[in-house]
Each structure stands twice: as structure tokens, then as C-alpha cells.
Amino acid sequence: MCLVTAEEKGQQQQDQPAGARDKLHNASRASAPLLSSSSISTSLHSSSPQPPTLYYNVNPSSTTNVPSNNTSFPSLGVILLWSILTFVSKEFSVFLPKFQSQAGAKTFIPAAYHYDAEYTFFDNTILTWGTDYAICIIMIYAAYLCLRATTYASSSSSSSFVRILQDPSQSKSLRIKSACLFLSYAISVFAGGYAHYTFTGGVEQLNTLAFRIWWTICVGSVTAAGGFMGACGSEICKRIHHNNNNNTTTSSSSSNENTRTVFRLVHVHDVLWVIYGGYLTWVCIMGGISYKRPACDIFVAGTSQFVPTMYCILSVLSVKWEEHIKNGERNGTVVVVHHHGVIRRWFRYMFYIGFALNAPLLPSYPCYIQYTSLSLGVVNAILHSNLTLAWGMQALSLRHFCQAFNLVENVEVESSSSSSSSPLCGSAIGKKKDE
């Protein structure tokens with residue numbers, strides 16, 4: 001590839017005959033991605049000099065379609081193996097809380113939605129239902145942010161205005177799955193807060209059908225969230241692993257994979273995550289993860305998210321990440337950029353921590369109950385604070401992934417001190433650096 005600046009390109013086009021220029025312009029338009037007019041705004045033009053501008057131009061040899069290779073519908077054998085894994089995950093989530101310690105054995109006593117006055121404790125203070133409602137509002141906002149993550153604003157130390165060519169449809173799938181994840185969190189804490197606020201009549205009220213319905217919604221939303229969580233990991237895996245190989249030839253795909261991945265991660269189809277979340281939710285409805293202390297149900301449901309949590313973390317750990325564009329805009333060269341270079345390190349760390357931060361809650365809850373004199377309201381407020389931090393980090397990092405996936409894969413980054421742009425850049429999106 002010959003590296004030329006925008007000024008040199010403009011001079012070359014002026015030196016060509018009119019017919020040749022028209023032919024080149026039509027060829028450039030044909031090589032542009034098929035982006036909807038609603039998702040791309042026209043670039044800003046000004047007669048006054050502009051600072052250096054960073055352009056993301058589509059590589060004519062690339063495509064913008066999300067690949068389907070290695071992501072086909074799973075076979076019957078794969079579904080059977082996955083069903084076995086799902087059952088093992090359920091058994092593990094029931095076994096671990098009770099047998100992790102003596103405190104766990106005294107705290108996690110099965111109930112099957114039948115409560116008694118000896119072992120059942122259910123808090124009704126504002127420290128519990130108030131923090132539940134607060135988390136609900138935060139999670140609804142997090143879902144909104146993910147759905148609205150349709151643009152990616154790049155920053156450069158040498159420019160105050162950045163134009164980026166991007167397509168919001170590229171991130172649509174991850175945005176929807178992320179929003180579903182945080183909406184399931186919101187439904188869970190809303191139903192839990194309502195139950196803590198409403199059912200204040202003791203064990204008699206807890207044994208009613210109304211409480212069982214509300215508490216099943218609360219716990220079942222957590223088990224269903226495991227499916228949405230795994231689907232987010234699958235989307236990241238598909239875009240990072242399979243999308244990179246889709247635009248390479250057969251002879252170079254293996255080399256391309258080795259240079260961009262630490263290890264190969266198997267893509268899990270969304271249907272398998274539906275099976276996973278659906279089965280665990282059915283177990284919840286049938287009372288298979290119901291305990292004398294209703295709060296224990298949440299911890300068992302959270303433990304069932306071990307498989308999708310690890311899959312999400314591995315989907316990001318499996319990639320050889322690169323730093324964001326360095327000095328490429330300063331020397332006027334053209335650099336090929338992939339998602340490996342635009343997803344920032346800080347957000348990746350936030351992703352790891354956010355999905356792993358709830359793990360300490362399982363062993364800490366029975367210790368708070370059995371070995372301290374703290375009230376249930378205080379214990380719940382402490383645990384909810386940790387929950388808010390973990391889910392908030394998940395939301396911010398997934399939003400950043402959604403924004404990065406808006407960029408057309410296999411783009412060329414070109415820098416120039418001129419305000420003029422190539423025919424492809426004429427359809428760029430203008431975004432201020434500080435946005």
C-alpha cells in the first residue's frame with residue numbers, strides 16, 4: 001500500500017482528466033460500506049483553517065457484515081453436552097454455598113418456599129428496600145446508556161476535532177443484549193425492594209402466593225441474567241475472534257489469528273445461553289433454590305452465573321490488545337486499525353473487575369450473619385453497595401465495547417492538516433473531542 005497524504009491525493013486528482021476523476025470518484029463510492037442515511041451525518045465544512053483531523057476510512061477490501069462462520073446453529077450433540085453443563089452448574093451453585101463453611105451450613109437451609117418462625121428472617125427496613133430501589137434506578141439508566149451507545153468519540157492530542165466513519169448497526173446486537181442484562185438486574189432489585197417493603201406481616205405473609213410470585217420474579221431475574229451475560233460474552237467473542245478472520249484469505253487467517261489472540265475461544269451460540277438461563281429460571285420457579293432466609297436465594301442464583309461470568313472474562317482475556325493509535329496522526333501515515341486498538345485498557349480492567357467483584361459476597365454473607373451483631377438492614381446495605389459498584393463497572397465497560405463496535409472493522413486511519421477529505425471521508429460523522 002502506498003502511503004500518501006490528503007494533499008498529495010488532492011493534487012493527484014486535479015492532475016487527472018475529468019473522465020478519470022469521475023471514474024475514480026464512482027469507484028470510491030462503490031467501495032464505501034453500505035451505511036444507512038440515518039446513521040451517518042455529513043461532515044462539517046468550514047472556510048477557516050481546521051486543526052489536524054483523524055479519519056477512519058473504509059478499506060476497500062473489507063466488509064462490514066458481521067460474520068457467520070463458526071457461529072452456526074449448534075448440533076444436537078452440542079445441545080446435549082451443554083444441557084449437561086447447565087445441570088452441573090445448577091448442582092454446583094446449590095452445593096457451594098452450603099458446604100463452603102460452617103457458617104454457610106447454618107445459613108443456607110432449604111425451604112422450597114415454606115418458611116417457619118425458627119429459621120426464617122426477612123428484613124423490612126429502609127436500608128434494604130431503599131437501596132434496592134436506588135439500584136433499580138441506576139440499572140435502568142445503565143440499560144439506557146447501552147442502548148444509546150451508537151457513536152464512538154476518538155481523541156487525539158494533536159487535534160481538537162475528530163471525524164469518525166461508523167455504523168450503529170454494527171453494535172446493535174451487543175447493545176440490546178447489554179440492555180437486557182441490566183434491565184434484568186433492575187427487575188430483580190425492584191421486585192426484591194417491593195417484597196421487603198410490602199410483606200411485613202411475618203412468616204404468615206411469606207407463605208402466601210403473592211410473596212412467592214414477587215420473590216420468584218426477584219430471584220428468577222438473576223438466573224435469567226446469566227443467559228444475557230453469556231450472550232454478551234458470545235457477541236464479544238464473535239466480533240473479536242471471528243470478525244477478524246472473516247476478512248482474511250484462507251492462507252493468512254491462521255497467521256492473523258495468532259497475532260491477535262492469546263488463545264482460541266469457542267463461540268457459544270445464543271440458543272445455548274437461552275437453555276442455560278431458562279433451565280435455571282425454571283428451577284427457581286419450582287423452588288429448587290429456595291431457602292429459609294429468602295436472601296439466600298439471591299446468592300445461589302448469583303453462583304449460577306459462574307459459567308457466563310468466566311466466559312465473558314475469557315472472551316476479553318483471549319485477545320492480544322493493542323494501545324490506542326499512537327503518533328499515527330502526527331506523521332501523516334496510514335495505519336490499519338481494528339477493535340484491538342480502540343477498546344481502551346482502563347475499560348478492559350473495569351470489565352474484569354466488574355464481573356468478578358460479586359464473588360466475595362457469597363462467603364461474606366454467612367459470616368456477617370453468624371459472626372457479627374450487625375442488623376440485617378446494615379448487612380444488606382453493605383452488600384448492595386458492593387453490588388452497585390460491580391454492576392456499575394459492568395455497565396460502563398460494556399457501553400465502551402458497544403461504542404467501539406460502531407467503528408467499521410478494518411479501517412484506515414489517516415491524518416492531515418487540511419480540512420479537505422477524500423470521497424469516503426465526505427460521509428464521516430463529526431464529533432467533538434471532549435464528547
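Tabulated data
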quantity	calculated
All positions within the stretch 99-146 that are farther than 23 Å from C367 by Cβ and open to solvent by 80 Å² or more (accessible area, probe 1.4 Å)	H114, A117, I126, I137, I140, Y141, Y144
Sole residue being at pLDDT 90 or above and over 26 Å from I369 (Cα atoms), chosen from I236, I298	I236
Residue within the stretch 166-187 that is touching a strand residue (DSSP E or B) at 6+ places or on another chain (Cβ under 7 Å), of a type outside the set (D, E) and touching a residue at least 24 places away in the same chain (Cβ under 8 Å) present	yes
Flag for E91 being more than 30 Å from I343 (Cα to Cα) and at pLDDT below 95	no
Qualifying residue in the stretch 268-283 (condition: in a loop (DSSP other than H, G, I, E, B) and open to solvent by less than 50 Å² (accessible area, probe 1.4 Å))	yes
Qualifying residue in the stretch 301-323 (condition: modelled with pLDDT of 90 or more, under 23 Å from I138 (Cα atoms) and assigned to a loop (DSSP other than H, G, I, E, B))	yes
Wholly enclosed helices (runs of 4 or more DSSP H) of the stretch 340-420 bearing at least 1 residues modelled with pLDDT of 90 or more, open to solvent by 20 Å² or more (accessible area, probe 1.4 Å) and within 18 Å of C232 (Cα to Cα)	345-356, 376-405
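For every residue, the table says whether it meets (1) part of a helix (DSSP H, G or I); (2) buried (at least 24 other Cβ atoms within 10 Å of the Cβ); (3) over 19 Å from the mean Cα position of the chain (by Cα).
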| position | (1), (2), (3) |
| --- | --- |
| S178 | yes, yes, no |
| H196 | yes, yes, yes |
| I213 | yes, no, yes |
| I217 | yes, no, yes |
| G227 | yes, yes, no |
| E235 | yes, yes, no |
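The values are calculated or read from the model by the stated rules, or taken from the named source; none is laboratory data. Since this is a predicted model, take the numbers as computed values, not measurements. So basically every Cβ, Gly included, is an ideal-geometry build from the backbone, and we count neighbours across all protein chains shown. The accessibility values were calculated without ligands, DNA or RNA, using every heavy atom of the protein model including side chains. Shrake-Rupley method; radii C 1.70, N 1.55, O 1.52, S 1.80 Å.
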